[in-house]
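All remarks here apply to the structure that follows.
The values are calculated or read from the model by the stated rules, or taken from the named source; none is laboratory data. Small disclaimer: the values here were computed from a predicted structure and weren't measured. For neighbour counting, all protein chains shown are included, and Cβ atoms are generated from backbone atoms with ideal geometry for every residue, glycine included.
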Amino acid sequence: MAFRPLRALILLPLLLALTSAAQAGRAPEIRKRAFQELNEGVAAYNRGEYAAAVEKLQAVTAVALNNFRAYLYLGQALTAARRFPEAVDALDVALDLEPDDLGAHVARASALLGQGDLDEAAAGYTRALGLRPDFSPALDGLGRVAEARGDDPKAVASYEQAIAANKGYPDPYLHLGDLYMRQNRLDEAVQLLREAVRVRPDYGPGLNRLASAYARLGLYNEAVATINRAIELEPGVAEHRATLGQIQLELGLLGQAEQSLQEAKARDPELPQVYEGLAEAARRRGEYPAAVAQVDKALTLPHLDDRAHDRLIERRTALQNEEASVARLEQAVAAGAASPEDLRALAAIEAGRSRWERATDLQGQSAPEGIERERLAYYALRANRFRDAHAIYGALDDAGRPDLAVNDGIALTGLGDHAAAEGRFRRALTLDEKFAPAQLYLGNALLRQGRAGEAADAYVTFLALDPSGQRAERVRRVLQRIAPDKAPPPPALPIAPTTPPAAPEPEKPS
């Protein structure tokens with residue numbers, strides 16, 4: 001792109017200002033006020049208060065016509081507010097003032113990327129690399145373009161180049177971590193996100209994604225603490241409150257989740273994550289029309305990328321199908337005409353909404369046998385009806401089925417009988433010595449009995465069998481507290497006190 005000289009729309013006000021004696025006489029006062037508003041605008045931008053930042057920075061650019069920093073931050077604030085065309089205009093002026101500024105080139109390319117102009121964005125990042133071939137933000141930007149085009153291998157290569165070029169720049173850790181989260185490569189994602197926060201402890205986006213990763217791993221206390229830290233640093237960023245709402249949904253705290261999501265919506269009514277969360281909360285309450293309405297609102301949002309659009313369409317279809325199924329099945333139950341298959345189908349839907357008590361009752365009414373009786377035991381276990389679950393698991397033939405013995409041990413753990421639970425986990429290992437969950441829960445049972453040394457040995461054996469994934473991450477954290485000499489190197493972030501690494505996680509029926 002050939003950058004134009006300062007536009008007439010800038011020069012004309014400047015000429016008019018120069019002809020005004022009154023204005024000239026107030027020049028020191030105007031400069032002082034502009035300096036103050038620039039600092040206030042930058043501070044608002046750093047807090048995530050993008051509308052306030054835009055207002056302050058626009059006031060600066062109205063009087064300080066050649067202030068490069070004001071136009072640069074204005075462009076970045078407009079990009080964060082998803083006002084991409086205005087952002088490009090502001091950054092064009094910044095580049096008129098400083099044609100070789102690398103940050104302005106990258107900021108303009110990022111605004112173009114935000115509005116979906118992938119080719120122009122790639123050209124902008126490449127232009128920055130022409131000025132400095134190892135400029136990490138530009139390499140990171142090319143990775144984002146490649147990812148938007150669906151070329152994950154190219155995106156990974158670009159992010160890795162960006163990290164190698166500047167190990168202290170957090171963005172490529174974040175974006176590569178996001179990509180790995182999408183690919184369900186959780187261990188690698190967590191390591192990258194921790195590193196993003198290590199190199200910049202006040203990095204709100206990194207804290208946000210790390211909180212999401214912790215939630216995926218079942219580390220909910222740490223997830224909540226991490227996202228609350230992001231909210232503290234950037235109280236105006238809607239994404240942080242939306243992520244808190246998602247975590248609260250996973251914890252079954254529907255009221256708190258809806259409050260967090262509504263707070264996010266008040267800060268940014270164009271955030272798809274808000275409407276997806278509100279739709280899920282409505283679904284869990286059985287309010288399907290309200291859930292579909294939330295998805296419909298999300299589908300009308302501007303700047304919705306193809307991946308998000310397709311996900312929302314799939315979600316809408318699933319909600320409508322589930323609503324129709326629930327209506328038919330509930331009618332059959334109310335009329336006393338539900339078949340065993342109907343009862344089981346409705347139980348499965350209730351389980352999917354984390355309504356374990358009703359799922360257990362419906363499944364129990366269907367006279368279940370075989371795999372359906374196993375499913376009844378699983379629902380009872382999730383409903384914390386441990387005595388019922390133990391009665392079923394204890395009566396099932398566990399020959400060749402270590403998962404049944406493990407689930408019985410979890411039920412006994414819920415009843416507080418840790419010695420009996422230990423026996424069931426050891427029984428599972430006699431059936432399959434390489435059944436990793438049995439080693440994990442054996443370690444838990446030993447730790448709860450105060451036998452930390454034996455527990456550490458069980459955890460080490462578990463990690464040898466299953467070195468990656470959600471459970472492995474939790475086990476590593478416990479080992480770092482109870483047996484540091486047997487633990488892998490500690491993660492980059494401090495470790496909070498941790499109890500045995502897994503709440504009951506029964507093995508699902510096949």
So which residues in region 214-238 are surrounded by 19 or more Cβ atoms within 10 Å (Cβ to Cβ) and within 17 Å of Pro201 (Cβ to Cβ)?
Tyr214, Glu222, Thr226, Ile227, Arg229, Ala230, Ile231, Glu234, Val237
Would you tally the residues in region 39-64 being buried (at least 18 other Cβ atoms within 10 Å of the Cβ), outside any helix (DSSP H, G or I) and of a type outside the set (Gly, Ala, Ser)?
1
Can you name every residue in region 156-206 that is under 17 Å from the mean Cα position of the chain (by Cα), free of Cβ contacts under 8 Å to residues at least 24 places away in the same chain and assigned to a helix (DSSP H, G or I)?
Tyr180, Arg182, Glu188, Leu192, Leu193
Pairs under 6 Å by beta carbon, first residue in contact (Cβ under 8 Å) with a residue 60 or more places away in the chain in region 346-357, partner assigned to a loop (DSSP other than H, G, I, E, B) and of a type in the set (Gly, Ala, Ser), six or more apart or different chains?
Ser354/Gly252
Restricting attention to helices (runs of 4 or more DSSP H) lying wholly within region 242-325, give those where 1 or more residues are touching a Gly at 6+ places or on another chain (Cβ under 7 Å).
254-267, 272-284
Return yes when Arg198 is of a type outside the set (S, T, N, Q) and either out of contact with any Pro (no Cβ under 6 Å at 6 or more places or on another chain) or within 24 Å of Arg283 (Cα to Cα) (or both) and no when it is not.
yes
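Given the condition part of a helix (DSSP H, G or I) and without any contact (Cβ under 8 Å) to a residue 12 or more places away in the chain, answer yes or no: does some residue in region 134-153 qualify? Reasoning before the result, please.
Our first condition is that a residue be part of a helix (DSSP H, G or I); within region 134-153, this holds for 136-148, 152-153.
Applying the additional criterion that residues be without any contact (Cβ under 8 Å) to a residue 12 or more places away in the chain yields 153.
Within region 134-153, one or more residues are part of a helix (DSSP H, G or I) and without any contact (Cβ under 8 Å) to a residue 12 or more places away in the chain.
For every residue, the table says whether it meets (1) more than 20 Å from Ser212 (Cβ to Cβ); (2) among the aliphatic types (A, V, I, L, M); (3) modelled with pLDDT of 95 or more.
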residue: Gln259; (1), (2), (3): no, no, yes
residue: Glu287; (1), (2), (3): yes, no, yes
residue: Asp296; (1), (2), (3): yes, no, yes
residue: His303; (1), (2), (3): yes, no, no
Answer yes or no: is there a residue in region 93-100 that is farther than 20 Å from Leu304 by Cα, among the β-branched types (Val, Ile, Thr), over 30 Å from the mean Cα position of the chain (by Cα) and assigned to a helix (DSSP H, G or I).
yes
If the Cβ limit is 9 Å and pairs must be 6+ apart or interchain, which residue in region 465-490 that is within 17 Å of Asn221 (Cα to Cα) and assigned to a helix (DSSP H, G or I) pairs with which residue that is at pLDDT below 85 and of a type in the set (Val, Ile, Thr)?
Arg474/Thr498; Arg477/Ile495; Arg477/Thr498; Val478/Thr498; Val478/Thr499; Arg481/Ile495; Arg481/Thr498
The correct count of residues that are within 13 Å of the chain's Cα centre (by Cα) and of a type outside the set (Gly, Ala, Ser) in region 227-247 is 8
Mind checking which pairs have a first residue in region 83-98 that is closer than 12 Å to Tyr73 by Cα and a second that is aromatic (Phe, Trp, Tyr) and part of a helix (DSSP H, G or I), Cβ under 6 Å, 6 or more apart or different chains?
Ala90/Tyr71; Val93/Tyr71; Ala94/Phe68; Ala94/Tyr71
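Residues checked against (1) surrounded by 17 or more Cβ atoms within 10 Å (Cβ to Cβ); (2) outside any helix (DSSP H, G or I):
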| position | (1), (2) |
| --- | --- |
| Ala391 | no, no |
| Asp398 | yes, yes |
| Ala405 | yes, no |
| Asp408 | yes, no |
| Ala411 | yes, no |
| Ala421 | yes, no |
| Ala428 | yes, no |
| Leu440 | yes, no |
Do the conditions hold for Val292, that is, is it of a type outside the set (Lys, Arg), over 23 Å from the mean Cα position of the chain (by Cα) and surrounded by 15 or more Cβ atoms within 10 Å (Cβ to Cβ)?
no
